[in-house]
1. In this structure, does residue 205 turn out to be in a helix (DSSP H, G or I), at pLDDT 85 or above and surrounded by 20 or more Cβ atoms within 10 Å (Cβ to Cβ)?
2. With the structure loaded, tell me whether residue 121 is at positive phi and either in the same structural domain as residue 188 (by TED's automatic domain parsing) or within 14 Å of the chain's Cα centre (by Cα) (or both) or whether it fails that test.
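The values are calculated or read from the model by the stated rules, or taken from the named source; none is laboratory data. In this text, all values refer to a predicted model and were calculated from it rather than measured experimentally. Cβ coordinates were reconstructed from backbone atoms using ideal geometry, including for glycine residues, and neighbour counts include every protein chain displayed.
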């Protein structure tokens with residue numbers, strides 16, 4: 001089934017180019033927004049699988065729009081698209097609930113792959129995202145994550161979480177632990193519930209804060 005995609009960017013020519021290119025890649029572009037307010041409204045109306053969201057837009061920026069969409073519709077994945085890999089913006093996007101983060105000079109293949117992974121909740125943590133998450137944990141927790149925690153997840157779930165934190169996909173986790181991908185997804189569903197997380201990025205962030213896993 002084709003991924004249903006909403007494009008949000010205030011530059012009409014860029015939206016047009018993305019729509020043409022991503023349609024050729026097999027995506028179904030269900031709508032286009034020119035600012036954050038419109039993106040929130042169209043997400044409510046169209047319920048896309050993924051929103052490809054520009055960071056800098058007039059009125060309501062991409063981070064705030066992502067926060068509103070993620071709060072109202074946790075099943076909609078948002079992939080941020082920005083001109084620069086700014087650490088502060090990346091941290092804000094993660095806090096807002098972004099499932100992915102791309103710089104506009106990346107290739108079409110990278111954009112398409114990130115969208116597919118986000119739609120399938122299988123987006124591996126990139127080094128940039130992992131570094132930003134570690135910086136956020138250090139900022140919020142006074143310099144380092146806690147090393148003491150009550151056992152919230154099982155030992156197997158800890159192993160799954162650590163491999164996800166190391167950047168492994170679902171398939172790679174299954175291969176390393178000698179279990180099926182379905183079993184990995186079952187573990188992830190349990191982890192999300194226990195850590196009150198909506199996706200693997202939030203789960204890892206919470207696990208690092210609790211001292212369950214470490215980011216290298």
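1. On the way: in a helix (DSSP H, G or I): yes; at pLDDT 85 or above: no; surrounded by 20 or more Cβ atoms within 10 Å (Cβ to Cβ): yes.
No, not satisfied.
2. Details: at positive phi: yes; either in the same structural domain as residue 188 (by TED's automatic domain parsing) or within 14 Å of the chain's Cα centre (by Cα) (or both): yes.
Judged against the criteria, residue 121 is a match.
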